[in-house]
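Since the structure comes first, as structure tokens, the remarks are kept for the end.
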Amino acid sequence: MEKILVLLLVTLAVVAYAVPDPRGIIVNLEEGELCLNSAQCKSKCCHRTSGLSLARCAPKASENSECSAKTLYGVYYKCPCERGLTCEVDKSIVGSITNTNFGTCQDKTRSQE
């Protein structure tokens, strides 16, 4: 039993040592890499230009850029806003289903002044 436990620990140590890059194949993807869902990307935005295009990780939308409020599918046609900005959009159920709820990133603190 002890030999099996030692063998298992050695195997785990070898596997852990064999992973040199903290960036994964499935998660923590850089901008421009292919993705299936926004959770895979460092930026948290998996973006596609059309329904037939391949989705790639993209940066979040900056101020005054087009944005999507939220997606049901994990892939955006327009990325959500950077931290501190809100996507001013007319939200509807049909727009959520068809992924066409597009708006503009705005800084709420600036617009209130």
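The values are calculated or read from the model by the stated rules, or taken from the named source; none is laboratory data. Only a predicted model underlies this, so the values are computations on that prediction, with no experimental measurement involved. The area values use the complete protein model at the heavy-atom level, side chains included, leaving out ligands, DNA and RNA. Shrake-Rupley method; radii C 1.70, N 1.55, O 1.52, S 1.80 Å.
For the range 39-113, what does the alpha-carbon gyration tensor say about shape, rounded, prolate or oblate, given a ≥ b ≥ c as the root eigenvalues, a/c under 1.5 as rounded, and a/b over b/c as prolate?
oblate
Arrange the residues Arg56, Arg110 by how much accessible surface each exposes, largest first, with a 1.4 angstrom probe.
Arg110, Arg56
In square angstrom, rounded to the nearest 10, how much accessible surface does Leu54 have for a 1.4 Å probe?
For Leu54, the solvent-accessible surface is approximately 120 Å².
Under 25 Å Cα-Cα from Lys91, which lysines qualify once same-chain neighbours fewer than 8 residues away are excluded?
Lys44, Lys60, Lys70, Lys78, Lys108
Quote the convex hull volume per residue of the range 27-69, based on C-alpha atoms, as a whole number of Å³.
It comes to 73 Å³ per residue, whole-number rounded.
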